[in-house]
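Visitor: Here you go, one structure.
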Amino acid sequence: MKMKAVYMHGPMDLRIGERELEPLRENEVRIKIARCGICGSDLGCYSGKSSEGRYDIAPYIPGHEYAGTVVETGPAVRDLAVGDRVTGDCSMGCNACENCKNGKMPSACLHGDEVGFRPYTPGAMAEYLTLKEGNVHRLPPDWPFEMGAWVETFCVGYFSIWGGNGHLDAAEDVLIIGAGSIGLCAAMTAKASGAHVIAADPLAFRRDVILRYGADEALDPTAPDFAEQLKGLTGGTGPSYVVEASGTPAGAENAVKLAADGARVRLVGMCERDITIKPTDLIFKNLSVSGFNGTKNAMVRTIKFMDRIRDSYDFAALNTSFYPYEQAKAAFDYALQNAGSEIKVMLTFD
């Protein structure tokens, strides 16, 4: 049996192709994909500005923000059943190598896989996706597929606040740099703790949106008095918790420069360019700076969290455009050209 899929062949080169469906291994499940979001990482690979996607090896099937239905299970699968609505991990550890056994992040796995970025780990921009049961997570049965396709993104934002021994309370001033998808999810997570949440993004559209999704204020980081505005909103000290979600050199530099003494700074935006940070900015301000690639054991908690706040936010409005997967190239081109007016462009597999 064959399936149709979107293949990324190189910069600005997406094509629809076919792939043979292999028999399931005993611990695998087959998912019929219903929705798959286009991530900023996907756009970076498509535009040739990111080295994360390896089409230099061979064409690959992108897509790691997805939801679908289990249609087949291997004989050793115990906790998932045909008909379950599910999503799944992007970064997957083997649970056998030395790094995995030492509890390190899945991205540190010596034999790890990354769904949707390698020819040998096909993604979800296809009619079907096959994964090990341990990397597949059940969704509430009343969730629309569009919401399920946000779980991987939300998991990154959730982990930026609570993962890796993170903690936050209502006494905090939180700065979120970048009001794209990850920034929106981080803002909703931070707001649930009762913290004072400030967002920074140069796009007026994104600033308007994040004010509806957790931010108390939204500032333009390119404004000449941006630093002074931030001080005024934080009692003159600066933010005690900073999430860098823009993936830009300026965002990473500001995350350190603007943080309060003793602040925690979390870098989650994918920036591949060099930045300038003086070690004394870290030393004299007693900063704790951490970076996270992937998430660990957080997706189930993310699903529960999203379900508990779903009545507080309009999740449906986060999906601003839909394209059938056969028009994937048009969808990617549209998403690239309309960053100032789109939140999430999503592919459908109806």
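Visitor: Rounded, prolate or oblate: pick one for region 1-133, where a ≥ b ≥ c are the square roots of the eigenvalues of its C-alpha gyration tensor, a/c under 1.5 means rounded, and failing that, prolate if a/b is larger than b/c, else oblate.
Guide: oblate
Visitor: What is region 1-157's relative contact order, in percent, from Cα pairs under 8 angstrom and six or more apart in sequence?
Guide: 29
Visitor: Counting DSSP beta bridges with both partners in the chain, what percentage is antiparallel, nearest 5?
Guide: 60
Visitor: Could you order the peptides 236-243, 104-111, 312-319 from most to least packed, using the average number of other C-beta atoms within 10 Å per residue?
Guide: 236-243, 104-111, 312-319
Visitor: Lys and Arg at +1, Asp and Glu at -1: add these up for the other residues within a Cβ distance under 11 Å of residue 117 and post the number.
Guide: Cβ neighbours under 11 Å give a net charge of -2.
Visitor: Report, in whole Å, the centroid distance computed from the Cα atoms of region 48-68 and region 100-124.
Guide: What the calculation gives is 13 Å, centre to centre.
Visitor: Moving on. Tell me the relative contact order for region 85-217 as a rounded percent, counting alpha carbon contacts under 8 Å between residues six or more apart.
Guide: In percent, rounded to a whole number, it is 18.
Visitor: Can you send over the carbon and sulfur percentage of the accessible area for region 4-114, probe radius 1.4 Å, protein chains only?
Guide: 44
Visitor: For residue 272 and residue 104, what is the calculated FRET efficiency with R₀ set at 22 Å and r taken between the beta-carbons, to the nearest 0.05?
Guide: 0.50
Visitor: Taking 10 °C and 1.306 mPa s as the conditions, I'd like the Stokes-Einstein D for the chain in µm²/s, using the Kirkwood hydrodynamic radius from alpha carbon pairs.
Guide: Rounded, D is 77 µm²/s.
Visitor: Add -39500 (n - 2.57) for each DSSP H run of 4 or more in the chain, then divide by its residues: what number comes out at 222 nm, to the nearest 500 deg cm²/dmol?
Guide: Calculated from helices alone, the mean residue ellipticity at 222 nm is -7000 deg cm²/dmol.
Visitor: Here's something else I'd like to know. Sort the following peptides by mean Cβ neighbour count (other Cβ atoms within 10 Å, averaged over residues), highest first: 196-203, 301-308.
Guide: 196-203, 301-308
Visitor: Taking region 95-211 as the region of interest, what is the percent of Cα-Cα pairs per 10 angstrom bin, listed from the shortest bin to the one with the maximum distance?
Guide: Calculated over all Cα pairs of region 95-211, the distribution is 11, 31, 33, 22, 2 percent.
Visitor: Taking R0 as 35 Å, what's the FRET efficiency between residue 78 and residue 310 from their Cβ-Cβ distance, rounded to 0.05?
Guide: 0.80
Visitor: Net charge around residue 303, counting only other residues with Cβ within less than 13 Å of its Cβ (Lys, Arg = +1; Asp, Glu = -1)?
Guide: Surrounding charge for residue 303 is +1.
Visitor: Next question, about the same structure. Size of the dipole of the chain about the Cα centre, Lys and Arg at +1 and Asp and Glu at -1 on the beta carbon, nothing else charged, in debye to 20?
Guide: Dipole magnitude for the chain comes out near 480 debye.
Visitor: Tell me the relative contact order for the chain as a rounded percent, counting alpha carbon contacts under 8 Å between residues six or more apart.
Guide: 17
Visitor: Something else: Over what distance in Å are the Cα centres of region 125-191 and region 203-258 separated?
Guide: Comparing the Cα centres of region 125-191 and region 203-258, I get a distance of 20 Å.
Visitor: Just list whichever of 296/344; 231/257; 32/296; 32/132; 49/104 have alpha carbons separated by over 22 Å in the model shown.
Guide: Cα-Cα > 22 Å for 296/344; 32/296; 49/104; rest within.
Visitor: Can you tell me which of 67-74, 21-28, 252-259, 6-13 comes out highest on packing, and rank the rest after it, using the mean Cβ neighbours within 10 Å?
Guide: 252-259, 67-74, 6-13, 21-28
Visitor: What spacing in nm lies between the two simple spin-label points modelled at residue 222 and residue 320, each 7 Å away from Cα in the Cβ direction?
Guide: With each label placed 7 Å out from Cα toward Cβ, I get 1.6 nm.
Visitor: Run the simple label-point estimate for residue 301 and residue 283 please: 7 Å along Cα→C-beta, distance reported in nm.
Guide: Going from the residue 301 label point to the residue 283 one covers 3.4 nm.
Visitor: Which value, in debye to the nearest 20, gives the size of the charge dipole of region 68-182 about its Cα centre, when Lys and Arg are +1 and Asp and Glu are -1 at the Cβ?
Guide: The calculated dipole for region 68-182 is roughly 340 debye.
Visitor: Full extension from residue 120 to residue 49: what is 0.36 nm times the residue separation minus their Cα-Cα distance, to one decimal in nm?
Guide: Gain on stretching residue 120 to residue 49: 23.4 nm.
Visitor: Separate question: Before I look further, what does region 54-184 give for accessible area per residue, probe 1.4 Å, in whole square angstrom?
Guide: Accessible surface, normalised per residue, equals 39 Å².
The values are calculated or read from the model by the stated rules, or taken from the named source; none is laboratory data. The model shown is predicted, which means the values in this text are computed figures rather than measured ones. Counting neighbours? That spans all protein chains shown, and the Cβs are built from the backbone with ideal geometry, glycine included. The accessibility values were calculated without ligands, DNA or RNA, using every heavy atom of the protein model including side chains. Shrake-Rupley method; radii C 1.70, N 1.55, O 1.52, S 1.80 Å.
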